[in-house]
Structure formats: structure tokens, C-alpha cells
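Data block below; observations after.
The values are calculated or read from the model by the stated rules, or taken from the named source; none is laboratory data. Just so we're clear, the structure is a prediction, and the values are computed from it rather than from any experiment. Positions of Cβ are generated from backbone atoms using ideal geometry, with glycine treated the same way; all protein chains shown enter the neighbour counts. In case anyone asks, the SASA skips ligands and DNA or RNA and just uses the protein heavy atoms, side chains included. Shrake-Rupley method; radii C 1.70, N 1.55, O 1.52, S 1.80 Å.
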Amino acid sequence: MTARYDLVGVGIGPFNLSLAALSDGVPGLRSLFLDARPAFSWHPGLLMEGTVLQVPFLADLVTMADPTSPWSYLNYIRNHDRMFPFFFSERFHIPRREYDHYCRWVAERVPSCRFDAEVTALEWDETDGAFAVTYRSGAGTATRVLARQVVLGVGTVPVVPEPLRPLLTEVHAGRVLHSADYRTHRDRLAAADDVTVVGAGQSGAEVVLDLLRSQDGAGRGGPYVRWLARTPAFAPMEYSKLGLEHFTPDYIGYFRGLPEDRRERLVREQWQLYKGVSAETLGDIHDELYERTIGGAEPRAALHPGVEVVSASTGGDGYALTCRHAEQEAFFQVRTSAVVMATGYAAARPAFLEPLADLVDWDGRGRYQVDGSYRVALDPRVSGSLYVQNAEMHTHGVGAPDLTLGAWRAATILNAVAGRTVLPVPERAAWTTFGAPRVPGHQPRGVTAEAAEGSLR
């Protein structure tokens, strides 16, 4: 007999793991979460020693929605007999390696999580009035289950700029790579003559810092480090207390009510909210360069903001990158032994969704149309609900990939799935009023009623 679930989650990254943890033990809710990997793993290529989360530890899997949950980070610390060391460390931003270990601790204990289970097909079964989810275990055994509701938490995929795609082949493995694989090839890169890092976000900064630290004290050993970025500056992430209110339900409600073209423009303009670098990391890079120049020595590094790679080719033992400086409209070429692309991640349509694709109401750019409960717009013939996590920046704003909103979004989805308030979510979380104050009887032109209402909450 085919097993039936109220909820099936596809993918077990931090966001669906948050939903699994919050739904654990909810009466009357039968759930299953599936992931193709053998175990939980969070950005393993960037788990270098010394790197920390860019959000406080309270943005764990559950606390922002349910601080009493047994799956909180503090309970993890207590279970590992680290409460006093953690207290004395006075850490608000915890090591990434420990966050990864915390998530694995939860994933191994929440009974609804099942790894080594690759979803191969998701379709709507009209006869059963449910989603049919087919998954395959490592042994090759195929299993089919039915779900009243499905949540996609498949994560994002590395973005490779078009000019560099021809170099991303097996021939160049270990010399041309995305930062997602940096730790795997770290030793080889540290031994190279010249490494160029492309991308100005936190990952790019951490790779640059790590490579600088691989140089010996005199700055002679290790690679020459070059940092290229399209952004006009190597800028710090916006981390003021009021600036962080863009990562609240209040801002999501305002953003959702804006016309699509304004949402698209805002996401581009707000890059410092989610693509900037922590001030501490920028300071550490500066300090490393300062150390290298004691006594008048030249640093074996170069930092170039406002620069875009427009073409790339092989040349000799390395690569030739043709670059364009945007403000000067000047072209120049650099030669390098290796390239690390710290060029971010983007949502992608998973192959297993194809059987359902014709029933999804895609927007004009082939993206999900997502409502306030993170429900995807589907053909009216589908009576079940499909939800997404971290695939809705175009509809919900820059907070989509941020861990700060992870537990709140999971609680919002959980309430929608259960059809009742399992966990209360705040109606107001910011001091800032986003949008024009509502005047009785008047609605700002171009702003929906939903947004006008949300701006006063």
C-alpha cells in the first residue's frame, strides 16, 4: 500500500530542516523529508577554520519561531556539554563549522528526515488527489509516496559567469572552480603562482583572506592573490540595527505589494544587504596586507573593484582574463594560474519537477509565483499545495536566502500546511514603516491594498 503523508519536503538544507524540526511532534501531522545526500552537509567547500555565521546564533533552525523547541542551538550546546565554554566565549556569531555540526545533530535525530533518498519525480495524481513523490535509495530501490502538500527546499546552485563557463571543465579541475569547491582544492591553490578570485561577496573575501594567510610571513611564498569584483567597492554588508529591519516580515509584506519592475530594481540596488562583506573580514584582509608591507615590501596582492571579466582563454600554463573597468570603460588583461569564482548562487528548476511543470503557473521569466504563505501558484485542477523555500527573492525580497527569516518562514508554511496556527508568527517585527502611511480613503498609486495595509502594521 502506498504511504500517505500530510507533508513531504524535498531537500534537507537549513530551511527544510527548520520546517522538519518545527513540525516534529505536531499532533495529526505526518511528514517526511527527503534528501539525495548520504548526510546533512552545509557548504562544505567554505567551512574554513575561523569563519563565522553572518547572523547571530538565535537565527538557528527554530528559536525565532519557537525558543522552547528541543532543537535549538542552545539545547545542542547543552547536549554537548559546552554551555559554560560558550557562555565565556561571549560569541553572538558562532563558527560556521559548529553551525554545520548543529544542523547535522538535528538532522540525525528528527525522525521525519531521510537521507540517501533522491527524488526522481514529482507529479499530480488526479485519481488519488495527491502529489506522487518518487524517490530512489542508494541501493537503487524506487519508492512512491503520496503527499497532500509538498515543500521544495532544494537549495540553490553555483552561478558561473558566461565568460568563464568554457574553462569549467575536467581539464581545468582544481585550477578553475567555484568557491563552493574551494576547500577541496585549497592546498593546490595555495601552491599556485597566481590566483585570481572573482566576486566581491563574503565568500570571495574569505577565499582572498585564506590565500593571503597561505603566504609566508615575508610575503614571498604562496600565491600572488588578485581580487576582481563588479561592485564599485569592496563594501561592508549593511549591518545597522535599522538596516537589518529589511529582514523582517514587515518588509516582506511591503515588498510583495510593489509592482514587479520595482521589485526587480530594488533587489539589484540592495546588494549591500546580502552581497556585502562583514566589516571584520575586510579589516582582516587590510591587516594582512599591512603586515606584508612592513619595511617597505610590496604586497603580493591586488584588489580591483568595478571590474568585470568579459572573456577568458587558456594561455601557456594558465589563463588570460580580459577585463573591463566599468567607470573608466577601459579594458585590460590579466594572466593567472588559477581562478576561483565566488560568484554566488541562484535558484534552479529541479529536473524531478518536469512531470508537474505544465501545472505550475510560472511568471514571465520562468520563476515561481509565490503567495504570502510561500505557496506556488498552480493550475486549479491541483487541489494540493506546493511551497518553496529560498526560491522567492523576486516576490519576497532580499531576505529569501537569509537564515534570519528561516524559522519564521518555516512556521508560516507549517501553519498553512496544518490549516491552523501551530506556531504564532509576529504581525509586526520592525520599527520602520516601509511605504507611505495609509491615509483613510486613499491608496498610494501603484501600491496594492495588501502593501498599504502592511505598511502600518
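Proximity of backbone amide H atoms, modeled 1.01 Å from N, is registered between residue 387 and 150, 151, 152, 376 at under 5 Å, excluding neighbours fewer than 5 places apart on the same chain. Roughly how many percent of the accessible protein surface of the chain is carbon and sulfur, given a 1.4 Å probe and a whole-percent answer? The C+S portion of the solvent-accessible surface of the chain is 51 percent. Restricting the stretch 302-372 to chymotrypsin sites (Phe, Trp or Tyr not before Pro) that sit in a DSSP loop and have at most 15 other Cβ atoms within 10 Å of their own Cβ leaves 362.
Largest accessible area first, the listed residues 64, 393, 341, 1 line up as 1, 64, 393, 341 when surface is computed with a 1.4 Å probe on the assembled protein chains.
Using θ = phi - 60° in the Karplus curve 6.51 cos²θ - 1.76 cosθ + 1.60, the 3J(HN,Hα) couplings for the stretch 6-18 round to 6, 9, 10, x, 10, x, 10, x, x, 6, 6, 5, 4 Hz; x is entered for Gly and Pro.
Exposed loop sites here are GluC sites (Glu not before Pro) assigned a DSSP state other than H, G, I, E or B and surrounded by at most 15 other beta carbons within 10 Å; excluding them, the longest clear run of the chain is 127-326. Sequence-distant contacts, meaning Cα pairs under 8 Å at least 6 residues apart, place the relative contact order of the chain at 21 percent.
Helix 279-292 and the long axis of the chain differ in direction by around 20°, with both axes built from C-alpha atoms. Between 15, 296, 336, the Cα set farthest toward the positive side of the dipole of the chain (charges on each charged residue's Cβ, about the Cα centre) is that of 15.
Taking amide H as placed 1.01 Å from N in the peptide plane, the amide H of residue 113 sits under 5 Å from that of 33, each at least 5 places away or on another chain.
Over the chain, DSSP H runs of length four or greater, each weighted -39,500 (n - 2.57), average out per residue to a 222 nm ellipticity of -7000 deg cm²/dmol. With θ taken as phi - 60° and the Karplus curve 6.51 cos²θ - 1.76 cosθ + 1.60 applied, the whole-hertz 3J(HN,Hα) list for the stretch 172-189 is 9, 4, x, 10, 10, 7, 7, 4, 4, 10, 4, 4, 4, 10, 4, 5, 5, 5 Hz, x standing for glycine and proline.
Between the amide H of residue 197 and those of 226, 227, 228, 340, distances stay under 5 Å, these residues lying 5 or more places away or on another chain, with hydrogens modeled in the peptide plane. Expressed as an acute angle from 0 to 90° and rounded to the nearest 10, what is the orientation of the C-alpha long axis of helix 202-214 relative to the principal long axis of the chain? In the chain, helix 202-214 runs at an angle near 40 degrees to the longest axis.
Checking the a/c ratio against 1.5 first, then a/b against b/c, what shape does the Cα gyration tensor give for the stretch 54-156? Prolate is the answer for the stretch 54-156, as a/c is 1.5 or above and a/b outweighs b/c. Note that the stretch 355-406 carries a Kirkwood radius of 11.7 Å, evaluated over its alpha carbons pair by pair. In whole angstrom, note down how far apart the Cα centers of the stretch 234-255 and the stretch 347-365 are. Computed from Cα coordinates, the inter-centre distance equals 30 Å.
Taking a ≥ b ≥ c as the square roots of the eigenvalues of the Cα gyration tensor of the stretch 74-225, is the shape rounded (a/c under 1.5), prolate (a/b larger than b/c) or oblate? Since a/c reaches 1.5 but b/c is at least a/b, the shape of the stretch 74-225 is classed as oblate. Let me test this: with uniform point scatterers at the alpha carbons of the stretch 19-77, what is the Debye-based log₁₀ I(q)/I(0) at q = 0.21, 0.25, 0.30 1/Å? The calculated log intensity ratios at q = 0.21, 0.25, 0.30 Å⁻¹ are -1.06, -1.17, -1.20.
Each residue of the stretch 51-57 is assigned a 3J(HN,Hα), and the resulting list reads 7, 10, 5, 8, 10, x, 4 Hz, derived from the Karplus form 6.51 cos²θ - 1.76 cosθ + 1.60 (θ = phi - 60°), x at Gly and Pro. Restricting attention to the chain, close to 50% of DSSP beta bridges with both partner residues there are antiparallel. For the chain, the solvent-accessible area works out to 48 Å² per residue, with a probe of 1.4 Å and every protein chain left in place. Taking the longest Cα principal axis of the chain as reference, the axis of helix 406-418 is set at about 20 degrees. Accessible area per residue was computed with a 1.4 Å probe on protein heavy atoms; residue 284 scores about 50 Å².
Largest to smallest in accessible area, the residues 254, 290 fall in the order 290, 254 (1.4 Å probe, all protein chains included).
Of 186, 4, which has the most accessible area and how do the rest follow, probe 1.4 Å?
Heavy-atom accessible area, descending, gives 4, 186.
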